[in-house]
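Inspection log for the structure reproduced underneath, given as structure tokens.
The values are calculated or read from the model by the stated rules, or taken from the named source; none is laboratory data. This is a predicted model, so every value here is computed, not measured. Counting neighbours? That spans all protein chains shown, and the Cβs are built from the backbone with ideal geometry, glycine included.
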Amino acid sequence: MKSIVILISGRGSNMVSLINAAADGSLPVRVAAVLSNRPDAKGLQIAAAAGIATQVVDHTLFNDRESFDAAMTAAIDSFSPDLVVLAGFMRILSDGFVMHYVGRLINIHPSLLPSFPGLHTHQRALDEGVRIHGCTVHFVTPALDHGPIVVQAAVPVIDGDDAATLAARVLTQEHRIYPLAVRWFAEGRLRLNGGRVELDAPQDHASSLISPQAAG
């Protein structure tokens, strides 16, 4: 069984979806540890209550990004994970960190990339007047929020939405597709080919764009 390490900075709702999926057997991985750059991250308590090892690498104790990333790398590697999963980890990662985990570092982003990389995605989507919004799981590369896409889920933008209501609708789909993407990795079904993700035998989900009705 493959093992994962999850990185968080806050409450870690996507972390919870992964822990729950691993616990109920729908996600064939072992959550080896949950690490955070913030000692007050609420997700650390949740992980510890689930019997998962936790560790803090406080970014405020380091003089620069590279030294923090080196310490975080050492902490992650002490658990020898097959995959590193970013779940609301609010740090811009150095190129060296990203390349150390190339092909085994994934992130979930609250937009249909390549649209709306960065922060405040839901308000930006509303400001642009888009009718379809969503979320994306992707492999991490040095280019922020532009790595090869594993899976996406779309939600409608409804008249009267504000950033909070739209965010809640997207978050529901995040909790569905992140365990799915990690499962595909654990089953050895994902392959990077020329900057694109290929999915072996994708008969359960024939498209990389999954609607709320199709996801399961």
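Taking the stretch 123-148 as the region of interest, how many residues are over 19 Å from Asp95 (Cα atoms) and surrounded by 15 or more Cβ atoms within 10 Å (Cβ to Cβ)? Within the stretch 123-148, residues that are over 19 Å from Asp95 (Cα atoms) and surrounded by 15 or more Cβ atoms within 10 Å (Cβ to Cβ) number 10. Scanning the stretch 68-125 for residues that are out of contact with any Lys or Arg (no Cβ under 9 Å at 6 or more places or on another chain) and at positive phi yields Ser80, Gly103, His120.
Would you say Val85 is buried (at least 18 other Cβ atoms within 10 Å of the Cβ) and at pLDDT 95 or above? So Val85 fits the description; yes. Sort out which residues of the stretch 95-128 are within 28 Å of Ser80 (Cα to Cα), in a helix (DSSP H, G or I) and of a type in the set (D, E, K, R), and write them in order of number. Listed by number, the list holds a single entry, Asp95.
Give the stretch 15-27 a look and list any residue that's closer than 12 Å to Leu180 by Cβ and not small (Gly, Ala, Ser), or say none. Outline the logic, then answer.
First, pick out the residues of the stretch 15-27 that are closer than 12 Å to Leu180 by Cβ: 17-18, 21, 26-27.
Once the filter is applied, which keeps residues that are closer than 12 Å to Leu180 by Cβ and not small (Gly, Ala, Ser), the stretch 15-27 yields Leu18, Leu27.
Only one residue in Arg104, Arg65 is of a type in the set (D, E, K, R) and under 17 Å from the mean Cα position of the chain (by Cα). Which one? Give the steps one after another, and end with the answer.
Details: Arg65 fails: under 17 Å from the mean Cα position of the chain (by Cα).
Unique residue meeting the criteria: Arg104.
For Pro156, the conditions (1) buried (at least 18 other Cβ atoms within 10 Å of the Cβ); (2) in contact with a strand residue (DSSP E or B) (Cβ under 7 Å, 6 or more places away or on another chain) all hold with the exception of (1). Taking the conditions (1) in contact with a strand residue (DSSP E or B) (Cβ under 8 Å, 6 or more places away or on another chain); (2) over 21 Å from Gln173 (Cα atoms) in turn, Leu113 satisfies each one other than (2).
Here is a yes/no grid of residues against (1) closer than 20 Å to Leu190 by Cα; (2) in a strand (DSSP E or B); (3) in contact (Cβ under 8 Å) with a residue 40 or more places away in the chain; (4) assigned by TED's automatic domain parsing to the domain that holds Arg196:
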site	(1), (2), (3), (4)
Val130	no, no, no, yes
His133	no, yes, no, yes
His146	yes, no, no, yes
Val150	yes, yes, yes, yes
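Matching residues to (1) among the acidic types (Asp, Glu); (2) on the phi < 0 side of the Ramachandran plot; (3) touching a Lys or Arg at 6+ places or on another chain (Cβ under 6 Å); (4) at pLDDT 95 or above:
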residue	(1), (2), (3), (4)
Gln173	no, yes, no, yes
Arg191	no, yes, no, no
Asp204	yes, yes, no, no
Ile210	no, yes, no, no
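Residues in the stretch 5-59 that are surrounded by fewer than 20 Cβ atoms within 10 Å (Cβ to Cβ) and assigned to a helix (DSSP H, G or I): Ser13, Val16, Asn20, Ala23, Asp24, Lys42, Gln45, Ile46, Ala48, Ala49, His59.
If I filter the stretch 60-81 for residues that are of a type in the set (Val, Ile, Thr), part of a strand (DSSP E or B) and either in contact (Cβ under 8 Å) with a residue 12 or more places away in the chain or surrounded by 17 or more Cβ atoms within 10 Å (Cβ to Cβ) (or both), do I get at least one hit?
First pass over the stretch 60-81, keeping only residues of a type in the set (Val, Ile, Thr): 60, 73, 76.
Still in the list and also part of a strand (DSSP E or B): none.
No, the conditions are met nowhere in the stretch 60-81.
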